[in-house]
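So the structure is just underneath, and the comments pick up after that.
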Amino acid sequence: MNTLPPNTQPTVSIEAMKPSDVVDVAQIEKQCFRTHWPISAFLNELSNRAACYLVAKAGGKVVGYAGMWTVMDEVHITTLGVAPEWRRRGIGERLLLGLLAEARRRGASRATLEVRPSNEAAIKLYTKYGFKTVAIRKGYYTDNGEDAMVMWLEDLWTPEITKMISRLRESQHA
């Protein structure tokens, strides 16, 4: 729960997920998604060399997380969630940029993800960073049969993405 006075913004850091973060991540996952991963899945991902999982922390508490897998020169963003009381503060955006920065560090040139058409906030975020819908996976989500929009960002090395990642790095060191 956010216990800060109104209009107070804590410093939010983006860090590599550690085993000690996983219980908090799993709790946020349950708040964000109808079907969610168990704690063991996140722990397994931390030892997966193809995976990268980040957390957003405010005051030492996990308030968001994101993950991806790297396959050759592509990344697949597997998850991104922010605790409901911490939304609309740019945390999801910073997590996405953190993943894109890591994707570039790993030599990836493009990124993909699936998103529910009903998740308008996520679609708006992904579109802002150049992701485009290229396909629909019918009945993809098993909880309610909702389709998935398959989105791709074809070039992680555009000047716009480079500038946004630079801003993220600057804010981390401010």
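The values are calculated or read from the model by the stated rules, or taken from the named source; none is laboratory data. A quick note: this is a predicted structure, and the numbers were derived from the prediction, not measured. Positions of Cβ are backbone-derived with ideal geometry, glycine not excepted, and every protein chain shown enters the neighbour counts. When the accessible area is computed, the model is the full protein with side chains, heavy atoms only, and any ligands, DNA or RNA have been set aside. Shrake-Rupley method; radii C 1.70, N 1.55, O 1.52, S 1.80 Å.
Can we say Gly130 is under 22 Å from Ile28 (Cβ atoms) and modelled with pLDDT under 95? Answer is no for this residue.
Selection of the range 46-79 for residues being at negative phi and open to solvent by 30 Å² or more (accessible area, probe 1.4 Å) yields Leu46, Ser47, Asn48, Arg49, Ala50, Lys61, Trp69, Val71, Asp73, Glu74, His76, Thr78.
Within the range 112-161, the set of residues being over 21 Å from Val82 (Cα atoms), open to solvent by 50 Å² or more (accessible area, probe 1.4 Å) and not in a loop (DSSP other than H, G, I, E, B) comprises Lys132, Thr133, Val134, Ile136, Arg137, Pro159, Glu160. Tell me which residues, restricted to the range 111-123, are closer than 19 Å to Arg167 by Cβ and basic (Lys, Arg). Residues satisfying the conditions do not exist here.
Within the range 129-166, the set of residues being free of Cβ contacts under 8 Å to residues at least 40 places away in the same chain, within 23 Å of Ser13 (Cα to Cα) and in contact with a helix residue (DSSP H, G or I) (Cβ under 8 Å, 6 or more places away or on another chain) comprises just one member, Tyr129. Among residues that are in contact with a strand residue (DSSP E or B) (Cβ under 6 Å, 6 or more places away or on another chain), in contact (Cβ under 8 Å) with a residue 40 or more places away in the chain and open to solvent by 60 Å² or more (accessible area, probe 1.4 Å), Arg89 is not included. Restrict the check to the range 162-172 and report whether at least one residue is open to solvent by less than 70 Å² (accessible area, probe 1.4 Å) and modelled with pLDDT of 90 or more. Within the range 162-172, one or more residues are open to solvent by less than 70 Å² (accessible area, probe 1.4 Å) and modelled with pLDDT of 90 or more.
Can you spot a residue in the range 82-91 that is in a strand (DSSP E or B) and at pLDDT 95 or above? Checking the range 82-91: at least one residue is in a strand (DSSP E or B) and at pLDDT 95 or above. A count restricted to the range 24-42 and to residues that are of a type in the set (A, V, I, L, M, F, W, C), open to solvent by 30 Å² or more (accessible area, probe 1.4 Å) and in contact with a strand residue (DSSP E or B) (Cβ under 9 Å, 6 or more places away or on another chain) stands at 3.
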